[in-house]
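First comes the structure, then the notes that go with it.
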Amino acid sequence: MKFLGLNAIFHDPAAALVVDGEVVAAAEEERFSRRKHGKRPVPFSAWELPEQAAAWCLARAGLEPEDLDGVAYSYDPALVRPGQQGLDERWEDLRTTYARRAPNFLATALPGLDPAQVRYVPHHVAHAASAGLAAPYRDSAVLVCDGRGEAVSHLAGRYADGELTVLAAQELPHSLGLMYEEVTEHLGFMRSSDEYKVMAMASYGEPRFLGELRELIRATGDGGFRVEPVDWAGYAKRLGRGEPWSEDHADLAASVQRRLEEVLLDLARWLHERTGERRLTMAGGVALNCVANTRLLAEGPFEELWVQPAAGDAGTALGGALHLAQAAGEPAAPMPGADLGRGWTDEELAAWLDAARVPYERPADLAAAVAAELAADRIVAWFQGRSEYGPRALGRRSLMAHPGRAANTERLNDVKGREQFRPIAPMVLAERAADIFERGPIPSPYMLFVHDVRPEWRDRIPAVVHVDGTARIQTVDRAGDPLLARMLQEFEVRTGLPVVVNTSLNTAGRPMVDDPRDALECFGSAPVDLLVLGPYLIHRGKVFAS
């Protein structure tokens, strides 16, 4: 059977396709439209659908809309409670109206689709399915935490043989995700977009406001929590975009981050007591907080923790499709990886380069050639295989650099045009990771945890060591990505370092590069030394030779 899942209601519109229980394709609309997060998270954008992502998913499988057995829409307007606190009073009716009319909108966007095939999947159930049904095991406790769904902001439950039992849900207006969004905006960043910047800033501060926040943000002992209104200005003045931040702002970020971790630990302990499960799966935007994830695994009651790599709202497209497949009696296979987006053959990539009249070469040993460039301290744009589903660059659309040059942190942040407090991350061979990193799960293929860098390595790879001595690693498995693994091996031969800097291939405010045109445009506008497009190398000096 064939099920298409769609996320459209809040932000990060996306589409995913599940065929006979297998994940075939998944992609975010931003990668096609080149509009960061696809659209703004406001009610009057709820009509915007992931039309290009959905059409591509179908084309990938050679399907037409009429071939589908169901389409999941990851929001159920019947669950919205008019007048409930926490909703946007001015515009909520409009959002709900758009959701109710989504079947007809979709039939217009995907000609041939029967509107009756569209089925509403509750937002947090779709999040839960994206974790519990996509994980590498059938049974797990599941925890979902984000800004909001229809009427709640959290779900705690259990998957047993693919069936979900909901044990707790927190009603609005109480929301850990909305609380974190509020402080994101207060610190001068864009809410529903830049929350990861708060997590990064927190490393520069001390949680000196923690005692007061513990009174306002707390678990209730029944699987839920309370978030009282917080006077953020009482801790630090509101920042405008681009304004310099102070110690107060860093301390506020640190305090909020620490309190978030504590409440999540309380929720996890309650859930463990109710389920007795060894494994926890997580989704929802809060699950992208890799610092909190690491503390949950280190101090929480669960032995294993698996986080959906597209944990934000984009992942509900996948969760919705998996939910329909499971309901139809087709048990979901584990998610095969995050590389679920678009890819091109070597011949297609060469045609792009020929059309652009760009000089290129095809080395006999690509891994060795790229490793030599990195060892010479050149910045490399790496474009390989199918693009990643989710917000992390995982060696498909990555910017790479030498980790042993401390100046490369500032250098890459300049290349990307972003704040200098932002860390850059390491990729490392899976079999070498434990030699360099500790206090975190290994393997860690999706960059969803932080690890302590062993003291003896901190001076050797300073570019990827954050101010608090941690790094957000991606482990690379030889079987799963042999080319990337060989490049890392060749880099170690030249430098003695089995680690390479890995950050997303984009510039500030732009989505990650997805197709060859995006790669060429980014290469042409940013000071990158080398573009690796499939098997081909494009040298900046040759392209821009005078």
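The values are calculated or read from the model by the stated rules, or taken from the named source; none is laboratory data. Note that the structure is predicted; figures quoted are calculated from it, not measured. Neighbour counts run over all protein chains shown; Cβ positions are idealised from the backbone, glycine included. When the accessible area is computed, the model is the full protein with side chains, heavy atoms only, and any ligands, DNA or RNA have been set aside. Shrake-Rupley method; radii C 1.70, N 1.55, O 1.52, S 1.80 Å.
The H on the amide N of residue 476, modeled in the peptide plane, is under 5 Å from the matching H of 428, 429, 430, each at least 5 residues off or on a different chain.
Taking every protein chain into account, the 1.4 Å probe leaves residue 127 with about 0 Å² of accessible area, to the nearest ten.
Computed with every protein chain present, the accessible area of residue 383 is close to 10 Å² [probe 1.4 Å].
Which whole-number percent gives the relative contact order of region 66-180, counting Cα pairs below 8 Å spaced six or more residues apart? It comes to 26 percent, rounded to a whole number. Only helical runs count toward this figure. For the chain, summing -39,500 (n - 2.57) over DSSP H runs of n ≥ 4 and dividing by all residues gives -10000 deg cm²/dmol at 222 nm.
Among 278-284, 366-372, sorting by the average number of other beta carbon atoms lying within 10 angstrom of each residue, highest first, gives 278-284, 366-372.
Element breakdown for region 257-319 at a 1.4 angstrom probe: carbon and sulfur atoms account for 40% of the accessible area. The lysines within cross-link reach of residue 542, meaning a Cα-to-Cα straight distance under 28 Å and a gap of 8 or more places when in the same chain, are 416.
Among (i) 44, 29, 23; (ii) 35, 29, 22; (iii) 55, 32, 21, which one is semi-axes √(5λ) of the Cα gyration tensor in Å computed from these coordinates? Among (i) 44, 29, 23; (ii) 35, 29, 22; (iii) 55, 32, 21, the one derived from this structure is (ii). Summarising the amide proton neighbourhood of residue 118: residues at separation of 5 or more, or on other chains, whose placed amide H is nearer than 5 Å comprise 71. Once you sort the root eigenvalues of the Cα gyration tensor of region 296-410 as a ≥ b ≥ c, which label holds: rounded (a/c under 1.5), prolate (a/b larger than b/c) or oblate (the other case)? Note, shape of region 296-410 comes out oblate. Beta bridges assigned by DSSP with both partners in region 422-499 are antiparallel in approximately 60 percent of cases. Set the Förster distance to 22 Å, then compute FRET efficiency between residue 478 and residue 59 from the Cβ-Cβ distance, nearest 0.05. E between residue 478 and residue 59, to the nearest 0.05, is 0.10.
Mean separation of Cα pairs under 8 Å and 6 or more residues apart, divided by the residue count, gives the chain a relative contact order of 15 percent. Highest average first, the peptides 54-60, 253-259 ordered by how many other beta carbon atoms sit within 10 Å of their residues are 253-259, 54-60.
Tally up the carbon and sulfur contribution to the accessible surface of region 425-546 as a whole percent, 1.4 Å probe, everything protein left in place. That fraction is 49 percent.
Protein heavy-atom accessible surface, 1.4 Å probe, per residue over region 1-59: 30 Å².
Here the chain carries DSSP beta bridges of which approximately 70% are antiparallel, counting only pairs with both residues inside.
With each label modelled as a point 7 angstrom along the Cα→C-beta vector, the residue 439-residue 545 pair spans 5.1 nm. Rolling a 1.4 Å probe across all protein chains gives residue 2 an accessible area of roughly 60 Å².
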